[in-house]
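In what follows, a single structure is set out as structure tokens and then discussed.
Rule-based calculations on the coordinates, nothing more; no lab input. Note that this is a predicted model, so its numbers are computed, not measured. All Cβ positions, even for glycine, are placed from backbone atoms using ideal geometry, and neighbour counts span all protein chains on display.
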Amino acid sequence: MAFESDRWQYNINHYPGNPGQGTRNMQMYKFNSEYAKELHPADTTKALGTGAVTDQVMNNVRALVLNDNDSFGSGFWYLVNHAPNYYNKANKLRSGYPADFRDYVVNSDGVGVGSGWTDA
């Protein structure tokens, strides 16, 4: 998560500015929407409204999970719900090897790595 948030500096995506993307692990909107529905169902329903899912709606849903508890918890939630091949496996992410982290970022997080990434 320190990698995704540039050492905890960011809580939302600033470049390229993907609507709804954020939390400390920079979840994409589709994951933030699921996460918000689990943690704040009534507020998420209100934020979604009945119209189209616009950039503003995605940002409003994201705002529901930007507090520190939810934002930092999002990484663990993602591992448990969307990356079962990496969650609590002795040979994945637990030993601190950069190759394992790179494999997770490239193959599991739904975002991938930018062209400037060279090491964890």
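Annotations for the structure displayed:
- Length released on extending from Q56 to D68, taking residue separation times 0.36 nm less the Cα-Cα span: 2.2 nm
- Gain on full stretching of the segment that runs from E34 to V106 - 0.36 nm per residue minus C-alpha separation: 23.8 nm
- The stretch 32-84: radius of gyration and largest Cα-Cα distance (Dmax), Å: 11.3, 34
- Here each label is just a point 7 Å from Cα along the line to Cβ, and for A42 and Y15 those points are 4.1 nm apart.
- For Q27, the residues 5 or more places off, or on other chains, whose built amide H falls under 5 Å of its own are G22.
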